[in-house]
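So the structure is just underneath, and the comments pick up after that.
Just so it is clear, none of the values below were taken in a lab; they were calculated from the coordinates. Predicted, not measured: the structure shown is a model, and the values here were computed from it. Note that each Cβ is placed from the backbone with ideal geometry, even for glycine, and that neighbours are counted across all protein chains shown.
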């Protein structure tokens, strides 16, 4: 998965296990903290924890759609998006609402991922930037993406920016 921008975050790991464990890791850090920490950032000029949680929920919506389109349609071409544009069109919900949406959608997506056959995981579709990719590639992208964000919540919990 050398062309996967988040592949290094899951290299050598069980992607399904990552998809299960990372939301738990994030939830274990975020759920008990004082709610005012939702508006802290992990670094100056970066999104607040609430915005990152909203972003993760949005990514889970994207993952759900891309996964199902890739599995159900032959010749599927993935639609790219710009994360900042998505963030700009809505006020982020509360940190807990975003967290709960992310975790609930993940449970649904994980159940589907766990049910896939080897042939389904190897099904190909097209990414405008990365070319021909597979459902496995998409799963690794999602798992790696959130593993990239997980330490940001731990930084916020330690005092943030």
Query raised in the report: Roughly how many nanometres apart are two label points built 7 Å out from the Cα toward the Cβ at residue 110 and residue 8?
Result: 2.7
**Report entry** Acute angle (nearest 10 degrees) that the helix 15-30 long axis makes with the longest principal axis of the chain, alpha-carbon atoms
**Finding:** 10
Query raised in the report: How many angstrom separate the Cα center of region 96-111 from the Cα center of region 1-57?
Result: 13
Query raised in the report: Tilt of helix 95-115 relative to the longest C-alpha principal axis of the chain, in degrees (0 to 90, nearest 10)?
Result: 20
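For the chain, what is the calculated [θ] at 222 nm in deg cm²/dmol (nearest 500), taking -39500 (n - 2.57) for each run of four or more DSSP H residues and dividing by its residue count?
Rounded to the nearest 500, it is -19500 deg cm²/dmol.
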Query - Residue order, fewest to most beta carbons within 10 Å, for 87, 139, 108 - result: 108, 87, 139
Report task. Arrange 77, 156, 61 by Cβ neighbour counts within 10 Å, fewest through most, would you? Result -> 77, 61, 156
Requested in this report: Based on other C-beta atoms within 10 Å, arrange 117, 126, 134 from fewest to most.
Outcome: 117, 126, 134
